[in-house]
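Since the structure comes first, as structure tokens, the remarks are kept for the end.
The values are calculated or read from the model by the stated rules, or taken from the named source; none is laboratory data. Just so it is clear, the model here is predicted, and its values are computed rather than measured. So basically every Cβ, Gly included, is an ideal-geometry build from the backbone, and we count neighbours across all protein chains shown. These accessible areas exclude ligands, DNA and RNA; they are computed on the full protein's heavy atoms, side chains included. Shrake-Rupley method; radii C 1.70, N 1.55, O 1.52, S 1.80 Å.
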Amino acid sequence: MHVARRIVATTVVLAVGASGCGDSAREDSGRLRVVVTHAILGDVVTNVVGVEADVETLMPRSVDPHAFEPSARQIAAVHDADLVVANGLGLEPSLADVLTDAAEDGVRVLEVAPALDPIQLSGGGPDPHVWTDPIRMATAAREIAAELDRVEPARAWRDRAARFAEELEGLDAEIRDALASIPPERRRLVTNHEVFGYFAARYDFEVIGVVIPGGSTLAEPSARDLASLADTIRDSGVSAIFGETTQGNELADALRREVGADVVVVELFTESLGDPGSVAGTYVGMMRENAKRIAAALTP
């Protein structure tokens, strides 16, 4: 109940004047229209709505949400939605004013991440990357359904959310089994940026370093930062640097060459899904594939 209250509070702050512009979207198509900011969250929403609503995801797959810029058409889509589902906690900086303006115009906006018991980034501030923990996303699915029920009741939102949450709880057990071969002394992660904090907490890893400091990919490491990280990798005996599919991995590759030894760079799906139909084309598939790659890289 504590989580539910926090989500409702977020919605009230953002969705001032609840009737809003989304009514015109429903009048045009006869269907509820839900706009979602990024692809991972879009897959969760799609599992909750089924065929009972139209879902538009603003960010294309393989796009870094920290660097995304919306088009004029996408801004109009936000203002015309019945419900906007956003991540929040600073993940979508270019959409912050867009979402605030839409809420002031009466669009219902739900920011999910602030209500999912956020942890702190190492440099301070809440970590927005909640989706790396499937149990948190099971909670998110239930709360998205509760918000949809406020927009349009008497639909099967909650039933589908409960089924998807159960699938995510099974996924959590599957990931834990996939990672079981990694001994405690090798459960150390070096990642491209600070994106796996929730994953590390859920599955007993330690993030010992990041190539790009902080929780955004927009920062730039100094030469001193990279030299210090190279020393950390050598001293810890880490065997892999985990890059990202949404970012170039030039810095990670340079760091690997600097460290030498048998360190490899392994790409993970961090802030977006893979192509439709690929192994990481859904949230469940993405998490399963990441666990497989981490286990392969860190198991002796």
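Per-residue ellipticity at 222 nm for the chain, helices alone: DSSP H runs ≥ 4 residues times -39500 (n - 2.57), over residue total, nearest 500 deg cm²/dmol?
The helix-only estimate for the chain comes to -14000 deg cm²/dmol at 222 nm.
Counting only heavy atoms of the protein chains, get the accessible area per residue of the chain (1.4 Å probe) and round it to a whole Å² value.
Dividing the accessible area of the chain by its residue count gives 42 Å².
Compute the acute angle (0 to 90°) between the alpha-carbon long axis of helix 283-298 and the principal axis of greatest extent of the alpha-carbon atoms of the chain; round to the nearest 10°.
Value to nearest ten degrees: 10.
To check you understand DSSP bridge types, tell me what percent of the beta bridges within the chain (both residues inside) are antiparallel, rounded to 5.
Of all bridge pairs located within the chain, approximately 5 percent are antiparallel.
Given the whole protein assembly as supplied and a 1.4 Å probe, what does the accessible area of His66 come to in Å², nearest 10?
Rounded to the nearest 10, that gives 10 Å².
Let me check I've understood the local charge: for Ser236, count other residues with C-beta under 14 angstrom from its C-beta, Lys and Arg +1, Asp and Glu -1. What total comes out?
Local charge sum for Ser236: -1.
Please list Glu244, Glu289, Glu169, Glu69 from largest to smallest accessible area, probe radius 1.4 Å, with all protein chains kept in place.
In descending accessible area the options line up as Glu69, Glu169, Glu289, Glu244.
With point charges of +1 on the Cβ of Lys and Arg and -1 on the Cβ of Asp and Glu, referenced to the Cα centre of the chain, which listed residue (Val190, Pro70, Leu226) lies farthest in the positive direction of the dipole?
Val190
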